[in-house]
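These notes are about the structure you will find just below.
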Amino acid sequence: MSELKEKTAKGLLWGGFSNALQQLLNLLFGIFLARLLTPADYGMVGMLTIFNAIACALQEGGFIAALTNRKNATHADYNAVFWFNVGVSLSLYLLLFLSAPLIARFYSVPALTPLARVCFLSFVISSLNIVPRAILFSRLKVKESTLATLGSLAISGLVGITLAYYGFAYWGIAMQTLTYVSMMTLLNGWLAHWHPTLPMNFTPVRQMIGFSSKLIITNLCTILNYNLFSVLLGKFYTEREVGNFTQANKWNSMGHTFITGMLTSVAQPVLTQVNEEPARQLAIFRKLLRLAAFISFPAMLGLSLVAEDLIVITLTDKWMACAHLLRLLCLWGAFVPITTLFSTLLVSRGHSSLFMWNNMIQSVVQLVVAFISYPYGLEWMMRCFVAINIGWLAIWYLFVRREINLRFGDFMRDISPYLLLSLALIFLIAWLTIEIESRILHMGCQMVSVALLYALVLKLSGSVIFKESIDFLIHKRIH
């Protein structure tokens, strides 16, 4: 038990450290690139996001989760998954290489043909990284993963900025992604101390395919759900509008990815290890739930508060349109870590079918509503998207309640104090700072005021999670 706590604490520490530095590097490199490039440049790459994401989901095949759930996985398991992924990736790349002119014709942008063929190379390279990632993930080697990620981000960011500075426009973004994937593959392979062998035996893949296939379908639905706007905007609007959405979504993702990345770095492995101890699993899950709410609500609602100032100060006025989109997306982003915890619990208990069907139904609803609402403008599409994704949290809760008997009153007690306090502080500070004209001063006052008041109220109210978090940061342990 103490060993699991120690691994969980270290995983959370390194997961938080990793994601904080990742988002900081993404922020710095993103600011430089956004100043050098235009919304149309981002829109060019944004149009291809959904195709690359779908190919990656098919190539990964849910095998990282499947290998993690497979206790005492052997070299034969890893070897089978490696060669299977390589074969699938090469086949998909050939298909997309030949389809690139059709994609360009769909968007009526001929320049997408060569860009697509280069961008799609990233998922072929990443197929070599699936098994090393699974090994590091299942063994809670978060420190090693952190070092690989930060090194890859630094090198790829410098490549992207250099190319953008010398006038390569959207090619800078494409090569940044390609460099990042290549470096991650090399570093993870080295840190995992694993290499493939011959001959190939795909028997373990057949044993895992029932579980992983449901995750593939789920991931495809999720990708369609998250990237729907890029497709619709690319088809019916301009590259600039796609670029504004892509930039807003990027900032929103940087926000909630920090929390979800920290939690998911330990959640599935830890929850899987205590599957045979229901009471203990429930206690661990509720602690993770409180931690998610404690961090996510003030962070994401605070980002929504300062969205306009932040975008104008960092990216200049040319990106003003994306600030309004960011405000809306952050409302949904505040609930993403909680939804992620719910889905992770279901996967850790082997219920990939529930995970699949719930995501499929949600995606269908999302698609129908998007097609109905898109003639009324992007903002209405976004409002519907946010409302559906927040409301769907209730469906996730019903499945989780059945699995671990998480009572609704306990669930609300775990998250509502942080949600209500964050909302109250956001509205209060927005009202108190409304007369400040300087954008830098305005944003600074809002951020500092919300953070200080949030910490003060929790301390004075005797918040347990606040005390535990401080103790965790100081002593690096979980009680």
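The values are calculated or read from the model by the stated rules, or taken from the named source; none is laboratory data. None of the values given here were measured: they were computed from a predicted structure. Note that we place each Cβ from the backbone using ideal geometry, even for glycine, and neighbour counts take in every protein chain shown.
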Exercise. Scanning the range 70-95 for residues that are of a type in the set (A, V, I, L, M) and either under 18 Å from A134 (Cα atoms) or surrounded by 21 or more Cβ atoms within 10 Å (Cβ to Cβ) (or both), which turns out farthest from the chain's Cα centre (by Cα)?
Worked result: A76
Exercise. Which condition does W392 not pass, out of (1) within 27 Å of M208 (Cα to Cα); (2) surrounded by 17 or more Cβ atoms within 10 Å (Cβ to Cβ), if it passes all the others?
Worked result: (1)
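Yes or no, residue by residue, for (1) surrounded by 15 or more Cβ atoms within 10 Å (Cβ to Cβ); (2) under 30 Å from S343 (Cβ atoms); (3) of a type in the set (A, V, I, L, M, F, W, C); (4) without any contact (Cβ under 8 Å) to a residue 60 or more places away in the chain:
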| position | (1), (2), (3), (4) |
| --- | --- |
| I388 | yes, yes, yes, yes |
| S438 | no, no, no, yes |
| Q446 | yes, no, no, no |
| L460 | no, no, yes, yes |
Exercise. Which one of A292, A323 is touching a Pro at 6+ places or on another chain (Cβ under 7 Å) and modelled with pLDDT of 85 or more?
Worked result: A292
Exercise. How many residues does the range 401-418 contain that are over 21 Å from the mean Cα position of the chain (by Cα), among the hydrophobic types (A, V, I, L, M, F, W, C) and either surrounded by 16 or more Cβ atoms within 10 Å (Cβ to Cβ) or modelled with pLDDT under 90 (or both)?
Worked result: 3
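Name the residues in the range 157-174 that are on the phi > 0 side of the Ramachandran plot and without any contact (Cβ under 8 Å) to a residue 40 or more places away in the chain, would you?
Passing the criteria: only G167.
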Seminar exercise, completed: I426 vs (1) without any contact (Cβ under 8 Å) to a residue 24 or more places away in the chain; (2) closer than 30 Å to L325 by Cβ: all pass except (1)
Exercise. Limited to the range 312-326, what total is found for residues that are in contact (Cβ under 8 Å) with a residue 40 or more places away in the chain, surrounded by fewer than 24 Cβ atoms within 10 Å (Cβ to Cβ) and of a type outside the set (G, A, S)?
Worked result: 8
Exercise. Restricting the first residue to the range 199-220 and requiring it to be closer than 18 Å to S348 by Cβ and small (G, A, S), which pairs with a second residue that is crowded, with 19+ Cβ neighbours inside 10 Å and modelled with pLDDT of 75 or more meet a Cβ separation below 7 Å and a spacing of at least six or different chains?
Worked result: none
Exercise. When you look at P114, is it outside any helix (DSSP H, G or I) and either of a type in the set (A, V, I, L, M, F, W, C) or surrounded by fewer than 17 Cβ atoms within 10 Å (Cβ to Cβ) (or both), yes or no?
Worked result: no
For this session: With the checklist (1) farther than 19 Å from V86 by Cβ; (2) in a helix (DSSP H, G or I); (3) at pLDDT 85 or above; (4) among the hydrophobic types (A, V, I, L, M, F, W, C) in hand, flag the one item F168 doesn't pass.
Result: (2)
Exercise. With respect to N129, is the statement that it is in contact with a helix residue (DSSP H, G or I) (Cβ under 6 Å, 6 or more places away or on another chain), under 23 Å from F51 (Cα atoms) and not basic (K, R) true?
Worked result: yes
Problem set entry | Hey, A154 touching a residue at least 12 places away in the same chain (Cβ under 8 Å), buried (at least 21 other Cβ atoms within 10 Å of the Cβ) and part of a helix (DSSP H, G or I) or not | no
Exercise. Restricting the range 187-198 to residues that are without any contact (Cβ under 8 Å) to a residue 40 or more places away in the chain and in a loop (DSSP other than H, G, I, E, B), which is farthest from W83 (Cα to Cα)?
Worked result: H193
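From the list P204, P199, which one is in contact with an Asp or Glu (Cβ under 7 Å, 6 or more places away or on another chain) and not hydrophobic (A, V, I, L, M, F, W, C)?
Numbers: P199 fails: in contact with an Asp or Glu (Cβ under 7 Å, 6 or more places away or on another chain).
Just one listed residue meets the conditions, P204.
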